[in-house]
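Colleague: There's a structure below that I have some questions on.
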Amino acid sequence: MKKGFVFDLDGVITDTAKYHYIAWKELAAEIGIEIDLKFNEQLKGISRMDSLERILTLGNKNDAYSLEEKEALASKKNTHYVQLLQSLTPDDLLPGVKTFLDEAKQKGIPCAIASASKNAPFILDKLGVMQDFDIIIDPATLSKGKPDPEIFVQAAKGLAIKPSDAVGFEDAQAGIDGIKAAGMYAVGVYSGEELHGADTIVEKLTDISIDELLAK
């Protein structure tokens, strides 16, 4: 019997990937690196600094910047990204999300956000669903990023349940791998990327019933 839900944010609750792409593409261009949508798939679900490292590796510029310079670049990207997010509204919730969260609340099922995004509280506030989550894991408190299971283990701990009693929702392979490594039941939200290892795949959250998930 499952007792709680743990959600990734981007690609599950809303889709801010286009904003990430715009901000990363502009920053990369400034330092002479060209990225495209195909490459951008590699940046989904991983941290800001890991994303920057992959871009620098693509342009053979890993050793061109000090740690401080890299942090400044990542900060510049984030500033642009947050500016783009100002236009978010509850209409930007992915289909079925609000219905699913409302039903979970009615059934007394606690929910957590396990996202690599440091902007998660801001985004959830703009979407009008901050109150639907009992805990938001701060990625700054973690030592490892996805696919390491740490963020999912901490989310379950924050909900006061065992990882095996939780259902995790992810749209990226790194996230599915982390969920399974934590010992959770994994729901893959299909967004164009093939997901290996998920226990079930849906296109939107309302494609599967909460009662069905709780019985897993």
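The values are calculated or read from the model by the stated rules, or taken from the named source; none is laboratory data. This is a predicted model, so every value here is computed, not measured. Every residue, glycine among them, receives a Cβ derived from its backbone with ideal geometry; neighbour counts consider all protein chains shown. SASA here: full protein model, heavy atoms, side chains in, ligands and nucleic acids out. Shrake-Rupley method; radii C 1.70, N 1.55, O 1.52, S 1.80 Å.
Colleague: If you take the beta carbon distance between D207 and D91 as r and set R0 to 25 Å, what does 1/(1 + (r/R0)^6) give as a FRET efficiency, to the nearest 0.05?
Modeller: Calculated value: 0.75.
Colleague: Eigenvalues of the Cα gyration tensor times 5, then square-rooted: what semi-axes does that give for segment 127-216, in whole angstrom, largest first?
Modeller: Those come to 19, 16, 14 Å.
Colleague: Out of the total accessible area of the chain (probe 1.4 Å, heavy atoms of protein only), what percent is carbon and sulfur?
Modeller: Within the chain, the accessible surface is 50 percent carbon and sulfur.
Colleague: Next up: Just tell me which lysines come within less than 29 Å, Cα to Cα, of K2; anything on the same chain fewer than 8 places away is out.
Modeller: K44, K98, K105, K107, K118, K144, K146, K157, K162, K180, K204, K216
Colleague: Continuing with the same structure: Would you mind computing, in nm to one decimal, how far apart the modelled labels at D125 and D36 are, each placed 7 Å from Cα along Cα→Cβ?
Modeller: 3.9
Colleague: Could you work out how far helix 97-106 tilts from the main Cα principal axis of the chain, as a 0 to 90 degree angle to the nearest 10?
Modeller: That helix lies at roughly 40 degrees to the long axis.
Colleague: Next question, about the same structure. With viscosity set to 1.306 mPa s and temperature to 10 °C, compute the Stokes-Einstein D of the chain, Rh being the Kirkwood radius across alpha carbon pairs; µm²/s, no decimals.
Modeller: After rounding, the answer is 90 µm²/s.
Colleague: Follow-up. Given a Förster distance of 41 angstrom, what is the FRET efficiency for S191 paired with D63, based on the Cβ-Cβ distance and rounded to 0.05?
Modeller: 0.75
Colleague: So which lysines pass the test for K38, namely a Cα distance under 18 Å, with those fewer than 8 places away in the same chain ruled out?
Modeller: K18, K25
Colleague: Report, as a whole number in µm² per second, the diffusion coefficient that Stokes-Einstein gives for segment 121-174 at 37 °C and 0.692 mPa s using the Kirkwood radius over alpha carbon pairs.
Modeller: D, rounded to a whole number, is 265 µm²/s.
Colleague: For segment 26-111, just run the numbers: alpha carbon Rg, then divide by 2.2 N^0.38 Å, N being how many residues it has. It would help to have the intermediate numbers written out before the result.
Modeller: Values: Rg = 17.7 Å, N = 86, 2.2 N^0.38 = 12.0 Å.
My calculation over the Cα atoms of segment 26-111 gives 1.48.
Colleague: Net charge near Y81, counting Lys/Arg +1 and Asp/Glu -1 over other residues with Cβ under 12 Å of its Cβ?
Modeller: Value of the local net charge: +4.
Colleague: Per residue, how large is the accessible surface of the chain? Use a 1.4 angstrom probe and give square angstrom.
Modeller: Ligands and nucleic acids excluded, the result is 46 Å² per residue.
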